[in-house]
Amino acid sequence: NAGVTQTPKFRILKIGQSMTLQCAQDMNHNYMYWYRQDPGMGLKLIYYSVGAGITDKGEVPNGYNVSRSTTEDFPLRLELAAPSQTSVYFCASRNIAGVLYNEQFFGPGTRLTVL
Amino acid sequence: KNEVEQSPQNLTAQEGEFITINCSYSVGISALHWLQQHPGGGIVSLFMLSSGKKKHGRLIATINIQEKHSSLHITASHPRDSAVYICAVTGNQFYFGTGTSLTVIP
C-alpha cells in the first residue's frame with residue numbers, strides 16, 4: 001500500500017492565484033482530514049470527510065473548499081490565495097467503525113508559500 | 001487556552017538519557033495519540049491509547065484518564081530519536097498539542 005499520498009510537495013503561489021492540493025489514500029479509510037501546520041502552532045483542522053459525498057468544516061475552513069467524490073481522493077482547493085495561507089498542509093486518513101477508532105495515517109505534507 | 005498542552009516545548013538530552021514528555025488535555029476524549037514528526041516533516045503515529053500503558057521498543061506511553069494526563073517516555077535515548085513529538089486527543093475531532101522538540105546529542 002502507498003498509504004496517504006499528497007501532491008505537490010512544494011508550491012509557491014502569487015496572491016490571488018488558485019490551486020488544488022491533491023490527497024489520495026489506498027487503505028479504504030472512511031475518514032479523511034486536511035490540516036495546516038504553522039510554525040510554533042499545533043496542527044489545525046481545515047476540513048474533514050466521513051465518507052464519499054460528505055464533508056464538514058473544521059476549525060479553520062475560511063479560504064478553502066473540499067470535495068470527496070470517491071473514498072480514495074480528498075482534494076483541497078484554495079481560491080484567491082493569501083499570504084496567511086502560507087503553511088504546511090497535511091492530509092490524513094483513518095478508519096472509524098462504530099466505536100472502534102483506529103490510528104490516523106498522515107501524508108508527507110505540502111509546503112505552500114503565498115507571495 | 002489550548003485543549004491540549006505539552007511540556008516541555010524544547011528538550012535537549014545526552015545520548016542514553018531517560019526522557020519524559022508530558023501532555024495534559026481539557027476535553028473529553030475517546031483516545032490519545034502520540035505522534036512523531038521528523039525534521040523532513042513526515043508525521044508518524046507512535047501510539048494510540050485510551051487507558052493504562054503501551055510499550056514499543058524503547059518508547060512507553062501512559063495515560064491517566066482521571067487526571068487527563070499522558071506521558072511519553074524514551075529509554076536509552078539515541079540521536080535518531082531527535083524529532084518533534086506531538087500529543088493529540090480524539091473527541092469529536094482531533095485536537096493537537098504544539099509539540100515538544102527533542103534533540104539528543106551524541
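Filter region A:72-88 down to residues that are part of a loop (DSSP other than H, G, I, E, B), open to solvent by 10 Å² or more (accessible area, probe 1.4 Å) and modelled with pLDDT of 95 or more and give me whichever is nearest to the other protein chains (Cβ to nearest Cβ).
Of all residues in region A:72-88, those part of a loop (DSSP other than H, G, I, E, B) come to A:72, A:74-75, A:79-82, A:86.
Subset that is open to solvent by 10 Å² or more (accessible area, probe 1.4 Å): A:72, A:75, A:79-80, A:82, A:86.
Going one step further and asking which of them are modelled with pLDDT of 95 or more, we end up with A:72, A:75, A:82, A:86.
Working: A:Glu72: 20, A:Pro75: 20, A:Ala82: 22, A:Thr86: 15 Å.
Filtering region A:72-88 for residues that are part of a loop (DSSP other than H, G, I, E, B), open to solvent by 10 Å² or more (accessible area, probe 1.4 Å) and modelled with pLDDT of 95 or more, the one nearest to the other protein chains (Cβ to nearest Cβ) comes out as A:Thr86.
Could you check region A:16-34 and list, in sequence order, the residues that are farther than 17 Å from A:Pro83 by Cα and touching a strand residue (DSSP E or B) at 6+ places or on another chain (Cβ under 6 Å)? Lay out the reasoning, then the answer.
Narrowing region A:16-34 to residues farther than 17 Å from A:Pro83 by Cα: A:22-34.
Passing the criteria: A:Gln22, A:Cys23, A:Ala24, A:Gln25, A:His29, A:Asn30, A:Tyr31, A:Met32, A:Tyr33, A:Trp34.
Among the residues in region A:34-52, are any under 28 Å from B:Asn10 (Cα atoms), surrounded by fewer than 20 Cβ atoms within 10 Å (Cβ to Cβ), of a type in the set (A, V, I, L, M, F, W, C) and in contact (Cβ under 8 Å) with a residue 24 or more places away in the chain?
no
Considering only residues that are surrounded by 19 or more Cβ atoms within 10 Å (Cβ to Cβ), in a strand (DSSP E or B) and either modelled with pLDDT under 95 or within 12 Å of chain B (Cβ to nearest Cβ) (or both), which ones fall in region A:89-115? Spell out how you get there, then give the answer.
Within region A:89-115, the subset surrounded by 19 or more Cβ atoms within 10 Å (Cβ to Cβ) is A:89-94, A:104-107, A:109-110, A:112, A:114.
Filter again for in a strand (DSSP E or B), leaving A:89-94, A:105-106, A:110, A:112, A:114.
The answer is A:Tyr89, A:Phe90, A:Cys91, A:Ala92, A:Ser93, A:Arg94, A:Phe105, A:Phe106, A:Thr110.
Taking only pairs six or more apart or across chains, which ones have beta-carbon atoms under 9 Å, a first residue in region A:1-15 that is closer than 19 Å to A:Ala81 by Cα and charged (D, E, K, R), and a second residue that is part of a strand (DSSP E or B) and open to solvent by 40 Å² or more (accessible area, probe 1.4 Å)?
That search, which allows pairs on different chains as well, returns A:Lys9/A:Arg111; A:Arg11/A:Arg111; A:Arg11/A:Thr113.
Go through (1) more than 10 Å from every other protein chain (Cβ to nearest Cβ); (2) under 20 Å from B:Ile43 (Cα atoms); (3) among the hydroxyl-bearing types (Ser, Thr, Tyr) for A:Tyr64 and report which single condition fails.
(2)
Those residues that are farther than 21 Å from A:Asp56 by Cα, among the basic types (Lys, Arg) and within 14 Å of another protein chain (Cβ to nearest Cβ), I need them from region A:7-44; list them, please.
Of everything in region A:7-44, just one residue is farther than 21 Å from A:Asp56 by Cα, among the basic types (Lys, Arg) and within 14 Å of another protein chain (Cβ to nearest Cβ), namely A:Lys9.
Taking region B:48-95 as the search range and keeping residues that are of a type in the set (Phe, Trp, Tyr) and open to solvent by less than 20 Å² (accessible area, probe 1.4 Å), which one is farthest from B:Ile29 (Cα to Cα)? Break it down into steps so the answer makes sense when it comes.
As a first pass, look at region B:48-95 and keep what is of a type in the set (Phe, Trp, Tyr): B:85, B:94-95.
Now drop any that are not open to solvent by less than 20 Å² (accessible area, probe 1.4 Å), which leaves B:85, B:94.
Values: B:Tyr85: 19, B:Phe94: 9 Å.
The selected residue is B:Tyr85.
With (1) within 10 Å of the chain's Cα centre (by Cα); (2) in contact (Cβ under 8 Å) with a residue 40 or more places away in the chain as the list, and A:Val66 as the residue in question, which single condition is left unmet?
Condition (2) is where A:Val66 drops out.
Could you pull out every one of the strands (runs of 3 or more DSSP E) wholly within region A:1-61 that has 3 or more residues that are among the hydroxyl-bearing types (Ser, Thr, Tyr) and closer than 22 Å to B:Phe96 by Cα? Before the answer, list the steps.
Values: elements: A:4-7, A:10-13, A:19-25, A:31-37, A:44-51, A:54-57.
Fully inside region A:1-61 and qualifying: A:31-37, A:44-51.
So which of B:Leu49, B:Leu59 ends up being away from chain A (no Cβ under 14 Å) and either at pLDDT below 95 or more than 30 Å from A:Lys57 (Cα to Cα) (or both)? Full working, then the answer.
Working: B:Leu49 fails: away from chain A (no Cβ under 14 Å).
Unique residue meeting the criteria: B:Leu59.
Could you check region B:1-103 for strands (runs of 3 or more DSSP E) lying wholly inside it with 3 or more residues that are without any contact (Cβ under 8 Å) to a residue 60 or more places away in the chain?
The strands (runs of 3 or more DSSP E) meeting that bar are B:19-25, B:31-37, B:43-49, B:52-56, B:59-64, B:69-74.
The values are calculated or read from the model by the stated rules, or taken from the named source; none is laboratory data. Note that the structure is a prediction, hence the values are computed from the model and not measured. Reconstructed Cβ throughout: ideal geometry from the backbone, glycine too, with neighbour counts over all protein chains shown. Just so you know, the surface numbers come from the protein's heavy atoms only, side chains and all, with ligands and any DNA or RNA stripped out. Shrake-Rupley method; radii C 1.70, N 1.55, O 1.52, S 1.80 Å.
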